[in-house]
Amino acid sequence: MKLVTLLGLMLFLGGAQVCAAADAPKPTPAQRILDSRSAITVEGGQLAGTGAGVLHDATQHADYVLLGEDHGTAEIPRFADALFTSLVPSGFQTAVVETGPELSTQLQKWIAQPAGVKQFVAFESRFPATTAFFSWRDEYAFLRHAYTVTGGKLQVWGIDQELMGASGFLLTSIQAENPGPRSRALLAALLQENVKADAAAYKSGDPSATLMMTVSRDKLTALRASLQTDGTPAALRFADALLASRDIYVNCCNALATQSNRDRAHLMKRNLATYLAAPGATRKKLFFKFGEEHLYRGFNVVRNNDIGNYVAEIADAAGKSDVHILALGTGGEQIKFAGMGHWTHATYSISDDEHVRFKYLMPFVDAALPTGWTLFDLRPFRTRFNAMQIADKDFERLVWGYDFLLLIPNTTSDDPLDPSVF
């Protein structure tokens, strides 16, 4: 066949394909949502339903699995437990969680022994408001069971800042390193200030009254400078954690909140990089469990390229695979912070004013199965996405930022390990 004829045929076929594509009906968002759903649940600690098979196929060869969530329900940590259990045969033995590195070191000790929960409760009694989330029963049970199903090989990597009430824990930890006289004097003054700040915070219920948010940066930098002379590497590490956490919290709720979010994301990335720098760590498969806004690919809902995007970039650079799953309750009850030293079991709906940030999810909520949990596979939406003419940027961010969406109706509230402590 002559070259000209061949080229003509190719052009004709290409044009035919374009015409066929143009003539094809535009994908309907509502129909796509219905086509993407499957049933999933947890039975006997295992994932079940047709959605379980969908998740298994997507995650069995993954290197990183990231679970974004809304905190405070019993069902989501139970889902996390079953999901992680399903990943263990594929080599997952590391949980990267939304706590600080220093607190995660303590969690690692507690989950490794039957009496650990009592030690944890005693710790919380001494240092309240130091542990994020895992002082709740189902959250702690997730870590404890993950330790069991990995045959005691689970590693807990906390990469977040230390919690708002952690100043007493961090200062006492520095003190236990037995630094020199100048540092001890600075520590004594800060510990005394911490006692007064805690008393004010618990009397008013206001977390902004804690030392973490009231101490001057100069006092902490003076302590750190002194520890460089008469302290240990561990003491310096505790001081750095206190400084970084203080800087993030001070600006968390003012005009500099955007910078606080950036600082927090930077800290999480640095902390993860530190863990990955350990010998053999880059070969580990990692399971991440964080609040939903942190685990998007690309920019998240607060216009921040957070830890989820960092992990996606690491995966891309190393030729590895990452799967991002968003799990949310659509309504029911959840445990909520009600001021320092107080929890409440609150009812909610994903359509109420407090959850207005999830308004873009309503097409999925409306399409959820009439009973049970619904898993939506978001990956097919990326094919001919523009043809759907979706104007909602949050919807678009979801489709490209997460691979799956799990919606759970009628959630129940998680509970503190010890209701008498925060």
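The values are calculated or read from the model by the stated rules, or taken from the named source; none is laboratory data. Note that the structure is predicted; figures quoted are calculated from it, not measured. Counting neighbours? That spans all protein chains shown, and the Cβs are built from the backbone with ideal geometry, glycine included.
Observations on the model:
- Residue ranges of strands (runs of 3 or more DSSP E) in segment 45-135 with at least 1 members farther than 30 Å from residue 349 by Cβ and aliphatic (A, V, I, L, M): 92-97
- Count of segment 87-104 residues which are buried (at least 20 other Cβ atoms within 10 Å of the Cβ) and among the small types (Gly, Ala, Ser): 3
- Restricting segment 136-182 to residues that are part of a strand (DSSP E or B) and within 25 Å of residue 277 (Cβ to Cβ), the residue that is farthest from the chain's Cα centre (by Cα): 155
- Restricting attention to segment 300-315, the residues that are within 19 Å of residue 404 (Cα to Cα), at pLDDT 95 or above and of a type in the set (A, V, I, L, M) total 4.
- Annotation: of all residues in segment 45-75 being acidic (Asp, Glu) and under 22 Å from residue 332 (Cα atoms), the one that is surrounded by the fewest Cβ atoms within 10 Å (Cβ to Cβ) is 70.
- Within segment 239-259, residues that are within 14 Å of residue 165 (Cβ to Cβ) have Cβ atoms under 8 Å from residues that are loosely packed, with under 14 Cβ neighbours inside 10 Å in these pairs: 246/217, counting only partners at least 6 apart in sequence or on another chain.
- Any hit, segment 12-27, residues being surrounded by 11 or more Cβ atoms within 10 Å (Cβ to Cβ), modelled with pLDDT of 50 or more, over 28 Å from the mean Cα position of the chain (by Cα) and at negative phi: yes
- With respect to the conditions (1) modelled with pLDDT of 95 or more; (2) under 20 Å from residue 210 (Cβ atoms), residue 274 falls short on a single one, namely (2).
- Every residue from segment 395-409 that is acidic (Asp, Glu) and either in a loop (DSSP other than H, G, I, E, B) or within 21 Å of residue 59 (Cα to Cα) (or both): 403
- Within segment 268-378, strands (runs of 3 or more DSSP E) holding 1 or more residues that are closer than 28 Å to residue 159 by Cα: 285-291, 322-329, 331-337, 343-349
- Taking the criterion of being among the basic types (Lys, Arg) and in contact with a helix residue (DSSP H, G or I) (Cβ under 9 Å, 6 or more places away or on another chain), the residues of segment 244-269 that qualify are 246, 264, 269.
- Restricting attention to segment 185-199 and to residues that are surrounded by fewer than 16 Cβ atoms within 10 Å (Cβ to Cβ) and within 31 Å of the chain's Cα centre (by Cα), the residue that is farthest from residue 242 (Cα to Cα) turns out to be 199.
- Within segment 203-212, at least one residue is in contact (Cβ under 8 Å) with a residue 60 or more places away in the chain, under 25 Å from residue 339 (Cβ atoms), of a type in the set (Asp, Glu) and assigned to a loop (DSSP other than H, G, I, E, B).
- From 372, 341, residue being farther than 23 Å from residue 54 by Cβ and surrounded by 14 or more Cβ atoms within 10 Å (Cβ to Cβ): 341
- All positions within segment 229-243 that are crowded, with 20+ Cβ neighbours inside 10 Å and part of a helix (DSSP H, G or I): 235, 238, 239, 241, 242
- Condition met for residue 42 (free of Cβ contacts under 8 Å to residues at least 60 places away in the same chain, buried (at least 18 other Cβ atoms within 10 Å of the Cβ) and assigned to a strand (DSSP E or B)): yes
- Among residues of segment 122-150 that are over 15 Å from residue 71 (Cα atoms), those with a Cβ under 6 angstrom from a residue that is assigned to a helix (DSSP H, G or I) and among the polar types (S, T, N, Q), sequence gap 6+ or separate chain, pair up as 149/85.
- Failed item, numbered, when residue 318 is tested on (1) more than 24 Å from residue 76 (Cα to Cα); (2) surrounded by fewer than 19 Cβ atoms within 10 Å (Cβ to Cβ); (3) at pLDDT below 95; (4) of a type outside the set (Asp, Glu): (3)
- Odd one out for residue 226, checked against (1) surrounded by fewer than 22 Cβ atoms within 10 Å (Cβ to Cβ); (2) within 30 Å of residue 370 (Cβ to Cβ); (3) touching a Lys or Arg at 6+ places or on another chain (Cβ under 7 Å): (2)
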